[in-house]
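The values are calculated or read from the model by the stated rules, or taken from the named source; none is laboratory data. This is a predicted model, so every value here is computed, not measured. Cβ coordinates were reconstructed from backbone atoms using ideal geometry, including for glycine residues, and neighbour counts include every protein chain displayed. These area figures cover heavy atoms from the full protein model, side chains too; ligands, DNA and RNA do not enter into them. Shrake-Rupley method; radii C 1.70, N 1.55, O 1.52, S 1.80 Å.
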Amino acid sequence: MYNRQIGHIKDQISCDSRKFQIVGSTEANLSEGLLSSESPIGTALIGGKVNQIVTIAAPRGPEKKFKITKIETA
């Protein structure tokens, strides 16, 4: 089991910032900012540290690089 986390990330190309709460796969709802712990972004954020840059393979297109700007426990 994992602690629920809220991850704040910043796209290293577009500089867009996003906030996600990491949840179990049955609770995931991207439009509400609820991201599955089993998704590529969720997996990359779990165990990540603030200021770490994570690389995420995109299903279509090039890899994405995000900087973890903040991690909170939900």
- Query: Given the structure, is I41 of a type outside the set (G, A, S), surrounded by 11 or more Cβ atoms within 10 Å (Cβ to Cβ) and assigned to a strand (DSSP E or B)?
  - Reply: no
- Task: Please name all residue pairs, on different chains or six or more residues apart, with Cβ atoms under 8 Å, provided the first residue is in the stretch 41-57 and is at negative phi and of a type in the set (A, V, I, L, M, F, W, C) and the second residue is open to solvent by 70 Å² or more (accessible area, probe 1.4 Å) and part of a loop (DSSP other than H, G, I, E, B).
- Result: I46/Y2; I53/Q12; I56/E63; A57/E63
- Item | G61, sole failed condition from (1) in contact (Cβ under 8 Å) with a residue 40 or more places away in the chain; (2) loosely packed, with under 11 Cβ neighbours inside 10 Å | (1)
- So, in the stretch 1-35, of the ones that are within 9 Å of the chain's Cα centre (by Cα) and not β-branched (V, I, T), which residue ends up surrounded by the most Cβ atoms within 10 Å (Cβ to Cβ)? L35
- Query: Where residues in the stretch 64-74 are within 19 Å of Q12 (Cβ to Cβ) and out of contact with any His (no Cβ under 9 Å at 6 or more places or on another chain), which of them is surrounded by the fewest Cβ atoms within 10 Å (Cβ to Cβ)?
  - Reply: K65
- Mind checking whether some residue in the stretch 26-39 is in contact with a strand residue (DSSP E or B) (Cβ under 8 Å, 6 or more places away or on another chain), touching a residue at least 40 places away in the same chain (Cβ under 8 Å) and not polar (S, T, N, Q)? no
